[in-house]
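Participant: Below you'll find the structure I mean.
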Amino acid sequence: MKTIDLVYFDAGGGHRAAAQALQEAAALQQRPWRVRLVNLTRVLDAQSSFRRLTGFEPEDYYNLRLRRGWTLGLAQELKLLQMLIRLGHRPMVRLLRRHWQAAPPDLVVSLVPNFNRALFQGLRAAAPRVPYMTVLTDLADHPPHFWIEPQQAQTFVCGTARAVQQALAAGVPAQRVQATSGMVLRPAFHAPALPAAERARQRQALGLPVESPLGLVMFGGHGSVQMLSIARRLDEVPLLFACGHNVALRQELQALQRSAPHVAVGFTQDIPPLMDLADFFIGKPGPGSLSEAVQRGLPVIALAPTGVMPQERYNVQWIAEHGLGTTVRSVRALGHATQRLLADLPAYQARVAAMGNRAVWEVLELMAQQLQAAGAAAASESLPL
């Protein structure tokens, strides 16, 4: 049985989600693999020294800013982070080498940015023949030294034509650049949609109109105070609010008086059927949430203020390129944007339905090819001269 390491961290939820999606999909296909989820933070700080010193994990401050929408200035902070990573490169390579010497894999798949040079060199020092892949969990790179490092014998898996072009422009050989049809999503997002009768039944049970267009408002697992402003701005539009773990926000939304019906729900892992109840999506321009909404057939309205994270700037362009919805700078512009989208909703839905993302299954096949190629190379080297 082959062993595959999927490397992730918890700075934002997309990296862990992609790793879990690949692990789940491999189990569903009964691949003969042992899939290990490797938390990079735990490898580089096995004794939790940073937490003991500061009282929080390295990712906690970043995640807090995402929840509060404090993204202005992250471009400058990213440069500082990358400088610190360069300064700590050699110690990180040593730690990664020791990790993989103690637990050798047959394939390593990185689902994180910024650390791919250290990950690649640490693996090479421990196991020179083990293949290494980087699967981008963003729609595009933010060069230099973010996702794409033009390292010898490293494969890059890109979910958009833009990312493919960036990899080639960075000097990655064409045979080392693999395109998929989108972002890696959990297998549940590829399941059939709710039948029309069940969809109507559930909307009616929630007190939502069966026929009128319904918007799903979602801002990650902890919601956002912006959802209150959205509820007031779109007073005449039926809305379903997914508040995640934010109990106070849910209660405040539920108590809100609006002209149109609305419902606020708490945390659930069954996001696909929740999306199936809606006709369009309102949220932040994260690659995961946008891709999930589109996969479930929802045109999107992305709230993209001036301080949008640098790696997500292309996401706004991606929406426009494919005609999947629209973006607004602030909640104040949401009313007109929603009217325009609803006026042409069937056309938007048709373009969304044409996207056809199968990335999680495509990446599994690419992983299998990497293992097969590595096995063939090892077999040929073992043949007598």
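The values are calculated or read from the model by the stated rules, or taken from the named source; none is laboratory data. Since the structure is predicted, the reported quantities are computational estimates derived from the model, not experimental observations. Ideal geometry is used to build each Cβ from the backbone, glycine not excepted, and the neighbour counts take in all protein chains shown.
Participant: Go over the candidates Leu80, Leu87, Leu107 one by one and state the one that is in contact with a strand residue (DSSP E or B) (Cβ under 9 Å, 6 or more places away or on another chain) and not assigned by TED's automatic domain parsing to the domain that holds Glu312.
Facilitator: The conditions single out Leu107.
Participant: Separate question: For the range 227-255: of the residues being more than 18 Å from Gly266 (Cβ to Cβ) and surrounded by fewer than 20 Cβ atoms within 10 Å (Cβ to Cβ), which is nearest to the chain's Cα centre (by Cα)?
Facilitator: Filtering the range 227-255 for residues that are more than 18 Å from Gly266 (Cβ to Cβ) and surrounded by fewer than 20 Cβ atoms within 10 Å (Cβ to Cβ), the one nearest to the chain's Cα centre (by Cα) comes out as Ser229.
Participant: Here is a check on your reading of the model: is Thr137 in contact with a Gly (Cβ under 6 Å, 6 or more places away or on another chain) and closer than 22 Å to Gly14 by Cα?
Facilitator: Spelling it out, Thr137 is indeed in contact with a Gly (Cβ under 6 Å, 6 or more places away or on another chain) and closer than 22 Å to Gly14 by Cα.
Participant: Could you pull out the residue among Arg36, Arg68, Arg97 that is assigned by TED's automatic domain parsing to the domain that holds Thr134 and either exposed (fewer than 14 other Cβ atoms within 10 Å of the Cβ) or at pLDDT below 80 (or both)?
Facilitator: Arg68
Participant: Just need a number here: residues in the range 159-172 that are at pLDDT 95 or above, out of contact with any Ser or Thr (no Cβ under 7 Å at 6 or more places or on another chain) and not aliphatic (A, V, I, L, M).
Facilitator: Counting residues in the range 159-172 that are at pLDDT 95 or above, out of contact with any Ser or Thr (no Cβ under 7 Å at 6 or more places or on another chain) and not aliphatic (A, V, I, L, M) gives 4.
Participant: If you don't mind, another one. Would you check if Thr41 is of a type outside the set (A, V, I, L, M, F, W, C), part of a helix (DSSP H, G or I), at pLDDT below 95 and in contact with an Asp or Glu (Cβ under 9 Å, 6 or more places away or on another chain)?
Facilitator: In short, yes.
Participant: Assess whether Glu211 counts as being among the acidic types (Asp, Glu), out of contact with any Ser or Thr (no Cβ under 7 Å at 6 or more places or on another chain), surrounded by fewer than 19 Cβ atoms within 10 Å (Cβ to Cβ) and assigned to a loop (DSSP other than H, G, I, E, B).
Facilitator: Considered against the rule, which asks whether it is among the acidic types (Asp, Glu), out of contact with any Ser or Thr (no Cβ under 7 Å at 6 or more places or on another chain), surrounded by fewer than 19 Cβ atoms within 10 Å (Cβ to Cβ) and assigned to a loop (DSSP other than H, G, I, E, B), Glu211 comes out as yes.
Participant: For Ala320, indicate whether it is under 27 Å from Phe146 (Cβ atoms), surrounded by 13 or more Cβ atoms within 10 Å (Cβ to Cβ), under 20 Å from the mean Cα position of the chain (by Cα) and assigned by TED's automatic domain parsing to the domain that holds Cys243.
Facilitator: Judged against the criteria, Ala320 is not a match.
Participant: Further question on the same structure: Quick check, is Leu136 touching a Lys or Arg at 6+ places or on another chain (Cβ under 8 Å), surrounded by 20 or more Cβ atoms within 10 Å (Cβ to Cβ) and not aromatic (Phe, Trp, Tyr)?
Facilitator: no
Participant: Could you tell me which numbered condition Gln166 fails, if it satisfies all but one of (1) over 28 Å from Glu77 (Cα atoms); (2) polar (S, T, N, Q); (3) within 22 Å of the chain's Cα centre (by Cα); (4) in a helix (DSSP H, G or I)?
Facilitator: Single failed check for Gln166: (1).
Participant: So if I check each of Leu342, Leu371, which one is in contact with an Asp or Glu (Cβ under 7 Å, 6 or more places away or on another chain) and at negative phi?
Facilitator: From the options Leu342, Leu371, the qualifying one is Leu371.
Participant: Kindly indicate whether Leu136 is more than 21 Å from Pro310 (Cβ to Cβ) and in the same structural domain as Leu364 (by TED's automatic domain parsing).
Facilitator: no
Participant: When only residues in the range 110-133 that are in contact (Cβ under 8 Å) with a residue 60 or more places away in the chain and hydrophobic (A, V, I, L, M, F, W, C) count, which is surrounded by the fewest Cβ atoms within 10 Å (Cβ to Cβ)?
Facilitator: Val130
Participant: If Gln151 satisfies all but one of (1) in contact (Cβ under 8 Å) with a residue 24 or more places away in the chain; (2) part of a helix (DSSP H, G or I); (3) over 23 Å from the mean Cα position of the chain (by Cα), what's the number of the condition it fails?
Facilitator: Only one criterion in (1) in contact (Cβ under 8 Å) with a residue 24 or more places away in the chain; (2) part of a helix (DSSP H, G or I); (3) over 23 Å from the mean Cα position of the chain (by Cα) is unmet by Gln151, namely (2).
Participant: Tell me, which residue of the range 207-226 that is modelled with pLDDT of 95 or more, under 29 Å from Ala304 (Cβ atoms) and of a type in the set (A, V, I, L, M) is nearest to the chain's Cα centre (by Cα)?
Facilitator: Checked the range 207-226; the qualifying residue nearest to the chain's Cα centre (by Cα) is Met218.
Participant: While we're on this one: Given the structure, is Val184 of a type outside the set (Ser, Thr, Tyr), assigned to a strand (DSSP E or B) and at pLDDT 95 or above?
Facilitator: no
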